[in-house]
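The values are calculated or read from the model by the stated rules, or taken from the named source; none is laboratory data. A quick note: this is a predicted structure, and the numbers were derived from the prediction, not measured. FYI the Cβ positions are ideal-geometry reconstructions off the backbone, even for glycines, and counts take in every protein chain you see. Accessible surface areas use protein heavy atoms only, side chains included; no ligands, DNA or RNA. Shrake-Rupley method; radii C 1.70, N 1.55, O 1.52, S 1.80 Å.
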Amino acid sequence: MSQNHKIETIVVADTDALAARAAQQFVEVAEAAVAARGRARIAISGGSTPKAAFKLLADPAQPWFKRMPWSQLELFWVDERCVPPDHPDSNYRMTKEAMLDHVPLAPEQIHRMEGELVPEIAAAHYESLLRNAFRLEGAETPRFDLVQLGMGPDGHTASLFPHSAALHEIGRLAVANHVENKDAWRITLTSPVINQGAQVFFLIGGADKADILNQVFTGPRDTGRLPSQLIRPASGILTLILDKASAALLPANGESERGVFERKE
Ligand code: 6PG
């Protein structure tokens, strides 16, 4: 049975506008989740792109800091590098320096992945942390209010890298994944968990991502080579927040910031 997926694109002028639009998205979704459910559970990615948005969220001079419902927020990670939390490559460290050190979030609201542990143990710890935090039973999957993703130049997202073992994982919530071309281990949420997110958005910027973006969202399906194609939210809508440079090859939005196109499967 073919199932169409809506790809909603929000295209802004440049990197600064991208960070501001992402900060707005975090706040709006968190506000709506708190209004509906009394709290907001958000899973964030690492890499470089979200850093500027995290800094804006933590800046008291910016509108978002005052609006973010910090006391009802719970922060989770989509993936982590297998390094200690104070290591320069740590996604947790990046987020701590850009945001956590500057916002009123208590330690019990911050659920980092333990990159310093043996990868399989860290993944198992995170799986049980998710089961407890979401009070899961049996094969239930956690449902984040928002999942923020990035995309690498090779089409990976989270730490779901091309032709890696974690691509095929459908029973676990979080796994250790060995990345051949980096000869490194990562901890990552699995695609079924990401796809249960109430809202899932890719945050991508820069001309160097235009070709891979086009391949992923308009090209033939090849999830082994392009793991970002595994992201098909159960909600039926996937949001892309992009700058003009990265969106250059996608179906145009015309003058409007927003556009929608269907992806036939
Ligand atoms: C990580 C990320 C990863 C990231 C992409 C894009 O730990 O590296 O979670 O999936 O989102 O690699 O990274 P950039 O934003 O740096 O391009």
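Figures for the structure shown
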| item | result |
| --- | --- |
| Selected from E80, E137, E169 as most flexible by GNM, with the chain as the system and alpha-carbon contacts under 10 Å | E137 |
| The chain, helix-only ellipticity at 222 nm - DSSP H runs n ≥ 4, -39,500 (n - 2.57), divided by all residues, nearest 500 | -8000 deg cm²/dmol |
| Inter-label distance for E31 and E257, nm, one decimal - labels placed 7 Å from Cα along Cα-to-Cβ | 1.3 nm |
| Listed residues G150, W70, L160: farthest to the positive end of the dipole of the chain (Cβ charges) | W70 |
| Positive-end extreme of charge dipole, the range 167-258 - chosen from A198, S246, L226 (charges on Cβ) | A198 |
| Members of K51/K209; K96/K244; K6/K96; K55/K96; K209/K244; K6/K182 lying beyond 22 Å, as alpha-carbon distances in this model show | K96/K244; K6/K96; K6/K182 |
| Within the accessible area of the chain (1.4 Å probe), percent carbon and sulfur | 52 percent |
| For the chain, alpha-carbon Rg relative to the globular expectation (2.2 N^0.38 Å, N residues) | 0.94 |
| The range 127-187: radius of gyration over Cα atoms, expressed as a fraction of 2.2 N^0.38 Å | 1.25 |
| Net lengthening on full extension, A106/R172 (0.36 nm per residue, minus Cα-Cα) | 21.0 nm |
| Heavy-atom accessible area per residue - the range 172-223, 1.4 Å, Å² | 37 Å² |
| For the chain, built as a Gaussian network whose Cα springs stay under 10 Å, the top-fluctuating residue of E140, E114, E74 | E140 |
| Simple spin-label estimate for K66 and S235 in nanometres, 7 Å along Cα-Cβ | 2.7 nm |
| Antiparallel bridges, percent of DSSP beta bridges restricted to the chain (to nearest 5) | 40 percent |
